[in-house]
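Encoded as structure tokens, the structure appears first; notes follow it.
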Amino acid sequence: MTTPTNLADDHHHHLPYPPLDYRRHRHYMGRPISASSSSAASFRGCCCCLFLLLIFVALLAVAVALVVVLVLKPKKPQFDLQQVAVQYLLVAPTTSSASPVVSALGGAAVGGAQPTAAYLSLNITLLFLADNPNKVGIRYDAAALDVMYRGVPLGVATVPGFEQPAQSRRLVQTRVVVDRFNVMQSDALDLVRDAALNDRVDLRLTGDVAAKILVVGLSSPRVQVSVDCAIEISPRKQSLTYKRCGVDGLNF
């Protein structure tokens, strides 16, 4: 038997749910995450990781350098010119009214006319001594040393690159060949006078040699050593009469 109370209860239970308020639903769920914001966060994370990696590598390099300096205590190696062998040195002066005059040994005869130019021919062998007192090896790069007369480059002495073991010495040889280099009038008279009257020709050997120390297969940053040698050669004797060298640098 159906009563009014039952009808009211049935009507109450069958009422549909109220419609959802989507604006309020979005308010509680928050703003949706876009693809651009996600990629930006990933990019920032990669940059932070890369920055931390660079800091770690830098600290590791500093630690290795400190270990090398404190434990190995690297010393300054020596790279010095030991010998100069003269094959020949010839000076041929020229004047405006005469042909070149030169003696067999390179001593130039100076006449009444002053030379307008002078031709210098040179063939010498240079012997360097590389001394490594360190507990680790050293790698030398190839170098080019200039041979000059009164600041004018005459030729180049090429020193090949090589590796030198720890606590060892090594001889390195190179040759300089100059064929009839034209010394202009400003220096021609001095060259002829030095060769003929003073029996000497002053040359200068200068340049830089680069080296790296080797530790467990790894090399250090390159450092420079400056070589500066004064050489005096006798044209008559065809031999070296004086040598003085100064080596600067190569402090690790």
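Throughout, read-outs are computed from the coordinates displayed, never taken from laboratory work. Given the structure is predicted, the values throughout are model-derived calculations rather than measurements. Every residue, glycine among them, receives a Cβ derived from its backbone with ideal geometry; neighbour counts consider all protein chains shown.
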*Cα-projected label distance for Glu163 with Ser226, points at 7 Å along beta-carbon direction, nm*: 3.1 nm
*For labels at Tyr88 and Arg139 in the simple 7 Å Cα→Cβ model, what's the distance in nm?*
4.2 nm
_Length-normalised contact order for region 114-165 - Cα pairs under 8 Å, 6+ apart - percent_ = 33 percent
*Given the Cα-Cα distance of Ser39 and Lys75 and 0.36 nm per residue of separation, how much length would full extension add, in nm?*
7.7 nm
*Among the lysines, which fall within straight-line cross-link reach of Lys73, defined as a Cα-Cα distance under 17 Å, with same-chain neighbours fewer than 8 residues apart omitted?*
Lys135, Lys212
*asked:* Can you tell me which lysines have their Cα less than 24 Å from the Cα of Lys243? Leave out same-chain residues fewer than eight positions away.
replied: Lys76
*Determine, for each peptide in 127-134, 188-195, the mean count of other beta carbons within 10 angstrom over its residues, then list the peptides with the highest first.*
188-195, 127-134
*asked:* Students often check this: by mean Cβ neighbours within 10 Å, which of 53-62, 198-207 ranks highest, and how do the rest follow?
replied: 198-207, 53-62
*Charge sum, other residues only, whose C-beta stays under 13 Å from Asn132's C-beta, Lys/Arg counted +1 and Asp/Glu -1*: +4
_Per-selection metrics, region 136-237 (Cα): Rg and Dmax in Å_ = 17.8, 57
*asked:* Check which residues have an amide H placed less than 5 Å from Thr116's amide H, if you skip close sequence neighbours.
replied: Thr94, Thr95, Ser96
